[in-house]
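K.L.:
Structure below; questions to follow.
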Amino acid sequence: MGNPTEVPRISVASERPLLVFCSLPGFEYQLDPYVGCGHRCHYCYVLNQAETDWSEEILVHPDFEKRLREELQDVRPQKIYLGYFTDPYQPCESDLRQTRTALELLREKGFSASLLTKSDMVLRDRDILKEMVDSNVSVSVAFDDHGVMRLFEGNTMETSRRIEVLRKLKESGVGTAALICPVIPGITKVFPLLEALVGKADRIWVYGLSVQDRSERSWRNVQAILETHFPDRKETVEGIVLDKEHPYWVELREKLVGIGESEGIDLRVYL
Ligand code: SF4
């Protein structure tokens, strides 16, 4: 699963369209300023379709600014999604600034942006986001315990700092959303996380662990972590993850929906 202290190597990506179709509701296009992610989430669904080893190598688009400028000429101004496949705030972004360049261009052309990240580097770009109409940032969290988080995420920022990012963005007037994702039964403490997020994000989404195929790399990674660190509950957790109608999910869904309704939280549950 890679050494978390290793810095991913940087390579040049083959030329490809930068703006691509986005399957998320409400979006036509998505943009990933980088390909590959040094945050090393071992459950990352992109591992299963990645063209590289994903966390060891980050691909950087050649002539990024020029090509994005050209592509934007043919698109009506709208909100573009950044971060569907790769967190736009890779450690190398502090030097390469491709995400900031993308945001500057989007602002210049009258577009807006919706970003998904686990990094506080997004705070650097508050100035641009504040000037866009209806921009928003989503931050995902899954573990309230740092040691457990480090088992599943090799090189991410701690949960409390991510929640602080949301608070600061909200305070600046940028739209915010939190994802409690992925919920791993018996490991993700959904209710303490929810409590910590209420008031920091305009909307909270809750998602389970995505397993399309039991042979996929992300699922095998999770199985290996369970085997090594949670051998007493591995079988139970696996049984629940693979059965979406398991009473665990039914009960959790009901509880969350009830809390959302009774406490007036914009809570979207996809478990
Ligand atoms: S931050 Fe997102 S894209 Fe990066 S490894 Fe984690 S889940 Fe995958």
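K.L.:
Please go through the stretch 136-156 and give me each residue that is within 12 Å of the ligand (Cβ to nearest atom), open to solvent by less than 20 Å² (accessible area, probe 1.4 Å) and either of a type in the set (Gly, Ala, Ser) or more than 21 Å from Ser112 (Cβ to Cβ) (or both), ordered by number. Show your work before the answer.
P.N.:
First pass over the stretch 136-156, keeping only residues within 12 Å of the ligand (Cβ to nearest atom): 138-142, 149, 152-156.
Subsequent filtering for residues that are open to solvent by less than 20 Å² (accessible area, probe 1.4 Å) retains 138-142, 149, 152-154, 156.
Residues satisfying the conditions are Ser138, Ser140, Val141, Ala142, Met149, Phe152, Glu153, Gly154, Thr156.
K.L.:
Search the stretch 69-90 for residues being among the charged types (D, E, K, R) and farther than 30 Å from Gly208 by Cα, and hand back the single one that is least open to solvent (accessible area, probe 1.4 Å).
P.N.:
The residue in question is Glu71.
K.L.:
Just checking, how many residues over the stretch 171-224 are touching an Asp or Glu at 6+ places or on another chain (Cβ under 7 Å), within 19 Å of Glu158 (Cβ to Cβ) and surrounded by fewer than 20 Cβ atoms within 10 Å (Cβ to Cβ)?
P.N.:
Of the residues in that region, 2 qualify.
K.L.:
Could you list, ordered by first residue, the pairs with Cβ atoms under 6 Å in which the first is in the stretch 48-68 and in contact (Cβ under 8 Å) with a residue 24 or more places away in the chain and open to solvent by 30 Å² or more (accessible area, probe 1.4 Å) and the second is aromatic (Phe, Trp, Tyr) and more than 14 Å from the ligand (Cβ to nearest atom), at least 6 apart or interchain?
P.N.:
Qualifying pairs under 6 Å: none.
K.L.:
I need a count of the residues in the stretch 122-154 that are touching a strand residue (DSSP E or B) at 6+ places or on another chain (Cβ under 7 Å) and free of Cβ contacts under 8 Å to residues at least 24 places away in the same chain.
P.N.:
1
K.L.:
Output the number of the condition that Ser119 fails; it satisfies all remaining conditions of (1) open to solvent by 30 Å² or more (accessible area, probe 1.4 Å); (2) touching a residue at least 12 places away in the same chain (Cβ under 8 Å).
P.N.:
If we test Ser119 against (1) open to solvent by 30 Å² or more (accessible area, probe 1.4 Å); (2) touching a residue at least 12 places away in the same chain (Cβ under 8 Å), just (1) comes out false.
K.L.:
List every residue pair whose Cβ atoms sit under 6 Å apart, with the two residues 6 or more apart in sequence or on different chains, where the first one lies in the stretch 240-262 and is open to solvent by less than 50 Å² (accessible area, probe 1.4 Å) and the second, anywhere, is assigned to a helix (DSSP H, G or I).
P.N.:
If the second residue must be assigned to a helix (DSSP H, G or I), the pairs left are Ile240/Tyr248.
K.L.:
Out of all the residues in the stretch 187-215, which are at pLDDT below 95 and either on the phi > 0 side of the Ramachandran plot or not β-branched (Val, Ile, Thr) (or both)?
P.N.:
Leu209, Ser210, Gln212, Asp213, Arg214, Ser215, listed by residue number.
The values are calculated or read from the model by the stated rules, or taken from the named source; none is laboratory data. What you see is a predicted model; the values in this text were computed from it and never measured. Every residue, glycine as well, gets a Cβ built from its backbone with ideal geometry; the counts of neighbours run over all protein chains shown. Side chains included, ligands, DNA and RNA excluded: accessible areas come from the protein's heavy atoms. Shrake-Rupley method; radii C 1.70, N 1.55, O 1.52, S 1.80 Å.
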